[in-house]
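Each remark here refers to the structure printed beneath this line.
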Amino acid sequence: MILVSTGTIDKPFSRLTEACLDIFNEKNINERVIIQTRFFSSGVRLPNNLIIKKIIPHQEMISIYKKANLIISAAGQGSAIDILRNSKYKPIFFPRLKQYREHVNNQQLQIARKMSEQGYAFTATNRNELSALLNYKKQSLLSPFDQNNSLKKLTNNLIKNTNSLINKV
């Protein structure tokens with residue numbers, strides 16, 4: 001199963017959904033695909049293996065993280081941590097960017113890059129990078145977190161960086 005999640009921010013994120021739909025069609029992906037997005041054009045004909053859900057309750061999302069063998073997601077702080085705690089594989093973070101009015105700042109880009117630098121995720125910021133990542137590697141096993149050290153340190157850094165960005169706005 002493949003999960004694509006745009007997160008819960010009340011702004012469209014068609015850059016991610018359109019890139020995924022194009023790539024999945026191009027690569028003839030037949031696997032079950034769930035796209036969680038609050039905004040979607042209903043005029044688009046969807047393949048039978050693809051499901052669009054506007055909202056997925058938190059516990060159901062955790063269950064999907066555990067089952068998915070590919071996760072492509074916005075890089076919101078809460079989602080990123082939940083994915084890393086529950087996925088067996090490295091996710092691909094596709095951050096919302098301020099320049100496209102998808103977010104008020106570039107905190108998601110900072111989160112995604114930090115996760116990639118530490119080897120916990122991959123990051124793509126456009127369709128070409130996403131396509132290249134999907135060509136390069138199906139997914140590699142996620143480096144295990146030491147729950148008492150790595151995740152706590154990472155979470156504290158994310159909170160500190162997010163608070164710093166919020167204070168600048």
_Criterion: touching a strand residue (DSSP E or B) at 6+ places or on another chain (Cβ under 8 Å) and modelled with pLDDT under 95 - qualifying residue of LEU70, LEU130_ = LEU70
*Looking only at region 3-16, count how many residues are over 9 Å from GLN36 (Cα atoms), open to solvent by less than 10 Å² (accessible area, probe 1.4 Å) and of a type outside the set (A, V, I, L, M).*
1
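Can you pull out the residues in region 17-50 that are open to solvent by less than 40 Å² (accessible area, probe 1.4 Å), within 18 Å of the chain's Cα centre (by Cα) and over 28 Å from LYS98 (Cα atoms)? Spell out how you get there, then give the answer.
Taking region 17-50 as the starting set, the residues that turn out to be open to solvent by less than 40 Å² (accessible area, probe 1.4 Å) are 17, 19-21, 23-24, 33-37, 49-50.
When the remaining residues are screened for being within 18 Å of the chain's Cα centre (by Cα), the result is 17, 19-21, 23-24, 33-37, 50.
The one that is open to solvent by less than 40 Å² (accessible area, probe 1.4 Å), within 18 Å of the chain's Cα centre (by Cα) and over 28 Å from LYS98 (Cα atoms): LEU50.
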_Please determine whether any residue of region 81-97 is farther than 22 Å from GLU18 by Cα, touching a strand residue (DSSP E or B) at 6+ places or on another chain (Cβ under 9 Å), part of a helix (DSSP H, G or I) and among the hydroxyl-bearing types (Ser, Thr, Tyr)._
no
*If you go through region 114-127 one residue at a time, how many are crowded, with 16+ Cβ neighbours inside 10 Å and modelled with pLDDT under 95?*
6
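The values are calculated or read from the model by the stated rules, or taken from the named source; none is laboratory data. Remember, it's a predicted structure, so these values are computed and weren't measured experimentally. Here Cβ is always computed from backbone atoms with ideal geometry, including for glycine, and neighbour counts include all displayed protein chains. For accessibility, only protein heavy atoms count, side chains too; no ligands or nucleic acids. Shrake-Rupley method; radii C 1.70, N 1.55, O 1.52, S 1.80 Å.
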